[in-house]
Structures are given as C-alpha cells and as structure tokens.
Amino acid sequence: MFWTGELIARTAPVRRRVAPAPWDSPLLGKATAAYLGLAIGDAMGATVEFLTPNEIRHQHGEHRDITGGGWLRLKAGQVTDDTTMSLALGESILAARGVDAQAAAEAFDAWMRAKPVDIGNTVRRNLIQFRKTGKPEAVASEHDAGNGAAMRVLPVALACLGQDRTATLAASRAQAHVTHHNLHSDAACDALILMLHELLHGHEVQDLRQHADRLVEQFPLFAFDKKRRDNPSGYVVETMQAVLQAFFDTSCFEDCLIDVVNRGGDADTTGAIAGMLAGARYGLDAIPKRWLRALDPAIRQACEQQAADLLRLSQEKSSLAFPG
Ligand code: MN
Ligand code: MN
C-alpha cells in the first residue's frame, strides 16, 4: 500500500482539517477538464497517428477537429488505449481506495481481455508476463522506454492530490511499473504528476516549469528548448519533448492541442498528455464546445464521473493522512 500517511493516521488521533468540498471550488473544474482534455487529445490525435506533419498538411490542411478515421478507422469521437487504460486504472484506484499495483495490473489485464482498439507492444508483453507470474511489477528494462505509462498518469495525479511527495511518487511507480519499469518512463511520469498537481492547485505556469526543468537536469536527453520536435515517436523522451514544447509555447487549450497533434507521429498520445496538462491549466470553459460535443458521450461521462470520484477520494485520503 502506498498511503504511508494512512498508517500514521490510524495510530494518531484524527483531527479533521476542514477542507472546502472539491465541487465548491475551481478544483473540480480543472480536474474534469484534465480528464476531458486527455480524451479529446486522444480522439483528435488518433486521426493523424503515424503521419508526418507533411502528410497531415496534404490530407487535412491543419487538423483541428475530431473526425475519427486514421489507421485505426475510428468513429469520430472514439478514443484509444490512452483514455481507456486511464479509465481502467482509475476504476482500480477507486475500488482499492488507493493506488495498488496488484489492483492496477488486474484492471489492465481485464482491459486487455476486452480487446481494446489498440495496445502498445510493451503493455501487451508485460501484461502477458503478469498473467504468467502474478507479479504486478515488470522486470526493469532499459528498452521499455515507451510512453505507455506516462499516458495514463492522470488518475494517479488526481487520487494523490494532497499526499506528500514520497507517497505520490511511490504511487506513480506502482502504476507505471506494471508495464513500464524504466528510468526515463519513471522520470516522465513523476514530472507529469507534479506538474498536474501545480496546475490543479492553481499555481502559475512558472511554478510547474521547474518540474520540466528538473526532468531535463536529471536526464538531459529530455531537453526540449532547442530543436522543434516534429513526428515524435512512442519513445517517452520524444513524446515529452513534443508535449512540453506545445504546452509552453501556446497560451490556450485549443492552440496547445492543435499544435501537438499536427506534429504527427504518436499523435494520440502526445494529444492525450498535452490535453490533460492543458485541461488542468486552462479549465473547462477553455475547451472548445465543438470538441466536447464530438467526444463519445459515454467516454465523456466516464471521464467527468472519475474526475469527481478521484478528487473526492483524494480529499478523504488527505484528511486522514494529514490530521490537523
Ligand atoms: Mn492510443
Ligand atoms: Mn499512440
């Protein structure tokens, strides 16, 4: 279990902090926008996944709408593994009342059995390994540096809001290592969760820039300031470069998503990650109505519901973890 604070709380007298209910605050709006941003970026990017920026220009001009199609031949508004794995993880967190590796692995396994529209190679390989060994942690591998763990960090970020850094990063590892046990993937997941926390707390963009800078300090490979990253692959370093460039170089939700998906490459995943950050940054009102309308209604509803449920869990957890 990763809620170290809870153990302290069980032995100490609990003096409940009076925190504002999340639904009374802008927090719920930002959390909901982050989840919808993830799904919208996924749905929008899937259309142009694996195309180059040139091919996108030829086929779509500038890709600005949720139109479906792409190599997966999606219906307009349909999402892919980025969103559905996040939702599966979120369900496991709610059921286990915390981020639990075993529960996450079982949820991903059930998700794979249900024949998702797409699935990454590393995810498939390590989930098959989980079926064999029952161990919810993949063997560490320098090759498993895909973006498959980073794309689904949002439910962990929401559930761990208010937790201390140690508990948060332990939860980050627990979910990530089910399929991706890799230093670069870990660093990206941590940076994303800490950035999401800054945004959800309403901090300025300079405050979260430090997490991106720290990522580059730790692993200079992630440097995103110099050359424009077009055509990002599924390698988490390239994914993060495209996402961070688009995120820091634009100043509204719409521009951020259009920027990142028109870079092509692993566009559903760059879209999903940029979408969660931009949603948490700009809030619900900034999401273009045409994108909200286009999103699969069942997915929209599931994202909204989970954002609220995970926030509520985080509030219950933090009032336990930090009495007084
Ligand atoms: Mn995908
Ligand atoms: Mn992808």
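Just so you know, all these numbers are worked out from the coordinates, no wet-lab data involved. Keep in mind that what you see is a predicted model, and the values were worked out from it rather than measured. Cβ coordinates were reconstructed from backbone atoms using ideal geometry, including for glycine residues, and neighbour counts include every protein chain displayed.
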Next on the checklist: List the residues, sorted by chain then number, that are 5 or more residues from residue 74 or on another chain and whose placed amide H is less than 5 Å from its amide H.
Outcome noted: 69
Item to check | Per-residue HN-Hα couplings for the stretch 227-235 [Karplus 6.51, -1.76, 1.60; θ = phi - 60°; Hz; x = Gly/Pro] | outcome: 7, 5, 8, 9, 6, x, 7, x, 5
Item to check | the chain - charge dipole about Cα centre, Lys and Arg +1 at Cβ, Asp and Glu -1, debye rounded to 20 | outcome: 620 debye
Item to check | Cα Rg over Rh - the stretch 24-317, Kirkwood | outcome: 0.93
Item to check | Distance histogram in 5 Å bins (all Cα pairs of the stretch 115-194, percent per bin) | outcome: 3, 17, 27, 23, 18, 9, 3, 0
Next on the checklist: For 219, 130, 253, which order do you get if you count the other beta carbons within 10 Å of each Cβ and list the fewest first?
Outcome noted: 219, 130, 253
Item to check | Cut-off under 5 Å, modelled amide H: who pairs with residue 146 long-range | outcome: 236
Checklist outcome for this item: Applied in sequence order to the stretch 256-261, the curve 6.51 cos²θ - 1.76 cosθ + 1.60 (Karplus, θ = phi - 60°) yields integer Hz couplings, x standing for Gly and Pro, of 4, 5, 5, 4, 6, 6
Next on the checklist: Between helix 101-113 and the chain, what is the angle of the helix's C-alpha long axis to the longest principal axis, kept within 0 to 90° and rounded to the nearest 10?
Outcome noted: 40 degrees
Next on the checklist: Counting only helical runs of four or more DSSP H residues, what would the 222 nm mean residue ellipticity of the chain come to if each run contributes -39,500 (n - 2.57) and the total is spread over all its residues?
Outcome noted: -19500 deg cm²/dmol
Checklist entry - Put +1 on the Cβ of every Lys and Arg and -1 on every Asp and Glu Cβ in the stretch 24-317; which of 66, 283, 116 then has its Cα farthest towards the positive end of the dipole? => result 116
Checklist entry - What Kirkwood radius, in Å to one decimal, follows from the Cα pairs of the stretch 173-226? => result 11.8 Å
Checklist entry - Which entries in 75/115; 30/115; 115/135 show an alpha-carbon gap greater than 24 Å? => result 30/115
Checklist outcome for this item: Expected sort for 75, 135 with the fewest Cβ neighbours (10 Å cutoff) up front is 75, 135
Checklist outcome for this item: For the stretch 147-186, the convex hull over Cα atoms projects on average to an area in nm² of 2.6 nm²
Item to check | Residue among 79, 117, 243 with the largest mean-square fluctuation in a Gaussian network model of the chain, springs linking Cα atoms under 10 Å | outcome: 117
Next on the checklist: Can you compute the equivalent ellipsoid semi-axes for the stretch 117-271, i.e. the square root of 5 times each eigenvalue of the Cα gyration tensor, sorted largest first and rounded to whole Å?
Outcome noted: 25, 19, 14
Checklist outcome for this item: Calc'd 3J(HN,Hα), the stretch 245-254, phi into Karplus 6.51 cos²θ - 1.76 cosθ + 1.60 (θ = phi - 60°), Hz, glycine/Pro = x, comes to 4, 5, 5, 7, 8, 10, 10, 8, 4, 4
Checklist entry - In what sequence do 276, 44 fall when counting other Cβ within 10 Å, fewest first? => result 44, 276
